[in-house]
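S.K.: Here it is, the structure in full.
What follows is calculated from the coordinates using simple rules that are stated; it is not laboratory data. Being a predicted model, the structure only gives us computed values, none of them experimental. Don't worry about glycine lacking a Cβ; one is built from the backbone with ideal geometry, like all the others, and counts go over all protein chains shown.
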């Protein structure tokens, strides 16, 4: 089976994904049928418990999509169980220093190079049915260890984060950037920053990620060359579709 990092690099295009916030298998199944390449199961901005995330990882991968997980914070407590669950990679939110980035990504790499423990009897090791060398190689080489940079100073220092030993992906957090800077994604200054982060990742040979609110924005980032582009999320997609259906139905009655 092709690993996630190999899949991204051999795709010849950026992969398209969305956030998963609803704790339902049916939603994941619908996203796969819709054609998404991957999802990021969101533990930061949704009340998803670890056991449900475990099940969503399984459901996502069984539907042919890659299953990434955004950690709830920088403490890293769920890192080991999420990787043991077979997650294709982890996103770390709101990273503000290279020290934090180095410390948490080291926990995603097997010892002695890193601090990840041997979980060979877990789902990631096919319950010990996977050959041990393959389990170790897959866990280190195919796992996405992506750091989210979400304020102006850290985004300007993207090259420093990209150079860290165990970091193999940088993600641009436009939402929190707006909160701290007051600048929206479509301003020239932010777009220049988005371009400079992409340049830093390409020079370092690592993946790049970014989230878009609408298809036109997603197309823009895919055209730029971003590796992973997220658009919307499951809750918003459902909510907006439902609202539009109700509005259209009531308009027909009024007419």
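S.K.: For segment 48-184, just say rounded, prolate or oblate: build the C-alpha gyration tensor, square-root its eigenvalues into a ≥ b ≥ c, call rounded for a/c under 1.5, and beyond that prolate if a/b exceeds b/c, oblate if not. Spell out each step's value before the answer.
M.R.: On the way: a/c = 2.43, a/b = 1.61, b/c = 1.51.
Prolate.
S.K.: Quick one: compute the contact order of the chain, relative version, from alpha carbon pairs under 8 angstrom and 6+ residues apart, as a percent.
M.R.: 19 percent.
S.K.: Another one. Only Cα pairs within less than 10 Å get springs; with that Gaussian network setup on the chain, which residue of 192, 85, 32 has the largest fluctuation?
M.R.: 192
S.K.: Here is a follow-up. Indicate, rounded to the nearest 5 percent, the antiparallel portion of the DSSP beta bridges found entirely in segment 10-96.
M.R.: Roughly 0 percent of the beta bridges in segment 10-96 run antiparallel, per DSSP.
S.K.: Using helices alone, I'd like the mean residue ellipticity at 222 nm for the chain: each DSSP H run of four-plus residues gives -39500 (n - 2.57), total over residue count, nearest 500.
M.R.: Taken over the chain, the calculation gives -14000 deg cm²/dmol.
S.K.: Take 45, 33 and order them by how many other Cβ atoms sit within 10 Å, fewest up front.
M.R.: The most exposed by this proxy come first: 33, 45.
S.K.: Which order do peptides 177-190, 130-143, 87-100 fall in by mean Cβ count within 10 Å, highest first?
M.R.: Per-residue Cβ counts within 10 Å, averaged per peptide and sorted highest first, yield 87-100, 130-143, 177-190.
S.K.: Once you order the gyration tensor axes a ≥ b ≥ c over the Cα atoms, which shape class does segment 165-206 get: rounded for a/c under 1.5, otherwise prolate or oblate by comparing a/b with b/c? The partial results should precede the final answer.
M.R.: On the way: a/c = 3.95, a/b = 1.84, b/c = 2.15.
Verdict is oblate for segment 165-206.
S.K.: Which of the three applies to segment 107-255, rounded, prolate or oblate, going by the alpha-carbon gyration tensor with a ≥ b ≥ c and a/c under 1.5 meaning rounded?
M.R.: Verdict is oblate for segment 107-255.
S.K.: Give the label of the value calculated from the structure for Kirkwood radius over Cα pairs in Å, choosing from (1) 19.7; (2) 18.8; (3) 21.3.
M.R.: (2)
S.K.: I've got another one for you. Taking the beta-carbon count within 10 Å as an exposure proxy, list 238, 25, 161 from fewest neighbours to most.
M.R.: 238, 25, 161
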